[in-house]
Amino acid sequence: MTAAPDSPGQKAGLPTVVFVHGAFADSSSWNGVIANLKRRGYPAMAVANPLRDVQQDAAYVRSVVDSIEGPVVMVAHSYGGIVITEAADGAANVKALVYVASVSPDVGESVLDLISKYPGSELGTSIKMVPFRLPDGSTSMEQYIETDKFPAVFAADVDPDLAALMAVTQRPAAQSAQTGSVTKTAWKSIPSWTLISKQDKGIPPDLQRFMADRAGSTTIEVDGSHAVAVSQPGQVADLIDTAARATAG
């Protein structure tokens, strides 16, 4: 994970912003947003989401949050939303949740369940499954987006050269991460903000709207792809700043 523990934001009383990436991405996908927030004085930490299993991933992320002194704003993209929904429940220092082109499930819902609710996702026709042998002798089915399809499906409004690099450096997710469901729902007790990416071919915009409405989330809509945090980091940073200031004190 990437941290900025000595940011002047801590001296100014600003919360630490904890970023959780989703499948087919890594912590560098938040670089533009973090740089923008650091200029505003926010300390930030980008967690390397394991992408193995909802409960395991959430337990790891929660351990990171529990290590932070002072208030926290948690920000998630895509599958990362299911992780923070589980991880933030009961965390006294988490003051706000920000979902960016993300899922925000209810108890018993998985990413696979949610994506099937609305048409528009192209992940089903672009993901390939690869069996990986694990050290204990078992096999894990790992999911990738096919590299030639990645730019159009995941990052249509990102510079083509950068989108091609993102395709090569994407992190696979275990199939169990996509089929696992949450047992806790942090957005029922923690205020949330949602950025809906209107050109999203990963998580359909109508699904994002449904989840945001159900959660009572404060919502903005941006004309961006699933990789909106990469293509439009300023708008993502603005929403995080709004959430942080609304829950300060």
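Would you mention how many residues in the stretch 12-51 are part of a loop (DSSP other than H, G, I, E, B), surrounded by fewer than 24 Cβ atoms within 10 Å (Cβ to Cβ) and at pLDDT 95 or above? Working first, answer last.
Taking the stretch 12-51 and keeping what is part of a loop (DSSP other than H, G, I, E, B), we get 12-15, 21-26, 40-43, 48-51.
Now restrict to residues that are surrounded by fewer than 24 Cβ atoms within 10 Å (Cβ to Cβ): 12-14, 26, 40-41, 48, 50.
Still in the running and at pLDDT 95 or above: 14, 26, 40-41, 48, 50.
Number of matching residues: 6.
Which one of these is modelled with pLDDT under 95 and surrounded by fewer than 17 Cβ atoms within 10 Å (Cβ to Cβ): 164, 248?
Details: 164 fails: modelled with pLDDT under 95.
Exactly one residue qualifies, and that residue is 248.
Could you list, in sequence order, all residues of the stretch 185-242 that are without any contact (Cβ under 8 Å) to a residue 60 or more places away in the chain and part of a helix (DSSP H, G or I)?
Those that are without any contact (Cβ under 8 Å) to a residue 60 or more places away in the chain and part of a helix (DSSP H, G or I): 188, 209, 213, 235, 238, 242.
Within the stretch 155-176, restricting attention to residues that are touching a Ser or Thr at 6+ places or on another chain (Cβ under 7 Å) and assigned to a helix (DSSP H, G or I), which residue is farthest from residue 203 (Cα to Cα)?
Start the filter on the stretch 155-176 by keeping residues that are touching a Ser or Thr at 6+ places or on another chain (Cβ under 7 Å), which leaves 155-158, 167-168, 174.
From what's left, assigned to a helix (DSSP H, G or I): 167-168.
On the way: 167: 18, 168: 21 Å.
My answer is 168.
For the stretch 52-59, state whether one or more residues are in contact with a helix residue (DSSP H, G or I) (Cβ under 7 Å, 6 or more places away or on another chain) and either assigned to a strand (DSSP E or B) or within 23 Å of residue 237 (Cβ to Cβ) (or both).
no
Any residue that is on the phi > 0 side of the Ramachandran plot, among the hydrophobic types (A, V, I, L, M, F, W, C) and within 19 Å of the chain's Cα centre (by Cα) - is there at least one of those in the stretch 99-116? Lay out the reasoning, then the answer.
Initial filter on the stretch 99-116 (on the phi > 0 side of the Ramachandran plot): 101, 108.
Now drop any that are not among the hydrophobic types (A, V, I, L, M, F, W, C), which leaves 101.
Imposing the further condition that a residue be within 19 Å of the chain's Cα centre (by Cα) reduces the set to 101.
Within the stretch 99-116, one or more residues are on the phi > 0 side of the Ramachandran plot, among the hydrophobic types (A, V, I, L, M, F, W, C) and within 19 Å of the chain's Cα centre (by Cα).
What are the residues in the stretch 52-86 that are touching a strand residue (DSSP E or B) at 6+ places or on another chain (Cβ under 8 Å), surrounded by fewer than 24 Cβ atoms within 10 Å (Cβ to Cβ) and among the small types (Gly, Ala, Ser), if any?
Of everything in the stretch 52-86, just one residue is touching a strand residue (DSSP E or B) at 6+ places or on another chain (Cβ under 8 Å), surrounded by fewer than 24 Cβ atoms within 10 Å (Cβ to Cβ) and among the small types (Gly, Ala, Ser), namely 70.
The values are calculated or read from the model by the stated rules, or taken from the named source; none is laboratory data. What you are looking at is a predicted structure, and each value in this text was computed from that prediction instead of being measured. Here Cβ is always computed from backbone atoms with ideal geometry, including for glycine, and neighbour counts include all displayed protein chains.
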